[in-house]
């Protein structure tokens with residue numbers, strides 16, 4: 001198995017280093033970012049290489065890569081960096097936590113980042129460049145297309161299709177057998193009961209502050 005280079009130098013890149021190092025057979029040997037965004041020589045004690053120099057210093061015939069970026073620009077930035085690395089000949093690694101509940105028939109694409117306590121039921125298909133943060137339920141026969149980011153404690157019921165580039169926020173719920181078109185944004189705590197057309201934005205309702213301050217509460 002080839003050594004691994006992580007694209008990114010922020011919090012998600014540091015987390016990816018921890019997960020790959022402590023819960024996979026991978027050895028992380030370097031980080032990389034575009035030269036214009038390189039603000040240090042190292043990250044977590046490993047070299048931070050300008051992306052423009054990556055093929056010469058860590059060539060794709062001896063290294064795989066992983067893009068550790070967030071959902072910026074509705075996942076477009078992460079998708080663009082995946083495409084750039086593929087074009088250079090790098091194979092993109094995936095991480096599936098040993099503490100996730102998955103079944104043997106699970107289909108997962110490249111550059112997946114599936115963290116602990118996800119429950120992924122049988123017959124689920126997950127595309128390329130999909131992030132499942134911790135604690136989600138992904139129901140049977142659901143399909144998650146490429147370049148999707150699902151935050152924590154999301155409930156995806158059975159037979160749901162999530163289109164390319166979608167973002168699903170914390171504690172959102174998707175009822176069974178609905179389809180989300182590409183690039184939808186579903187905010188924290190939102191409830192979807194019907195199909196969503198492409199580029200739809202669905203925001204949950206925030207809890208308002210009560211008029212009574214906590215110092216005047218009779219009990220809690």
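Values quoted throughout were computed directly from the atomic coordinates according to the rules given, and no laboratory measurement underlies them. All values reported here derive from a predicted model rather than from experimental measurement. Because the Cβ atoms are built from the backbone with ideal geometry, glycine has one as well, and the counts that use them run over all protein chains shown.
Spin-label pair residue 103-residue 73: with each label point 7 Å from Cα along the Cα-Cβ axis, the two points sit 3.8 nm from one another. Where both bridge residues fall in the chain, DSSP classifies roughly 5% of the beta bridges as antiparallel.
Cβ crowding within 10 Å, taken as a proxy for footprinting-reagent exposure, orders 183, 211 from fewest neighbours to most as 211, 183. If you average the C-alpha positions of segment 144-208 and of segment 107-124 separately, how far apart do those two centres end up, in angstrom? The distance from the Cα centre of segment 144-208 to that of segment 107-124 comes to 16 Å. Which percent of the Cα-Cα distances in segment 7-77 go past 17 Å? When all Cα pairs of segment 7-77 are counted, 43 percent exceed 17 Å.
When 170, 5 are sorted by how many other C-beta atoms sit within 10 angstrom of their C-beta, beginning with the fewest, the order is 170, 5. The share of Cα pairs per 10 Å bin across segment 102-150, counted from zero up to the longest distance, runs 30, 66, 4 percent. Could you compute the FRET efficiency for residue 134 and residue 14, with r as their C-beta to C-beta distance and R0 at 22 Å, rounded to 0.05? FRET efficiency, residue 134 to residue 14: 0.90.
Multiplying the sequence separation of residue 21 and residue 188 by 0.36 nm and subtracting their Cα-Cα distance, what value in nm do you get? Walk me through the numbers before you get to the answer.
Values: separation 167, 0.36 × 167 = 60.12 nm, distance 3.06 nm.
Value of the extension gain: 57.1 nm.
When 90, 202, 95, 37 are arranged by Cβ crowding within 10 Å, least crowded first, meaning fewest neighbours, the order is 37, 202, 95, 90.
To one decimal place, what orientation-averaged projected area in nm² is obtained for the convex hull of the Cα set of segment 80-164? Intermediate results must be reported in sequence, preceding the final value.
Values: hull surface 20.2 nm².
Across all orientations, segment 80-164 yields a mean hull projection of 5.1 nm².
Between residue 35 and residue 141, the contour length at 0.36 nm per residue exceeds the Cα-Cα span by 33.9 nm.
Which semi-axis lengths, in whole Å and largest first, follow from the square roots of five times the eigenvalues of the Cα gyration tensor of the chain?
33, 22, 17
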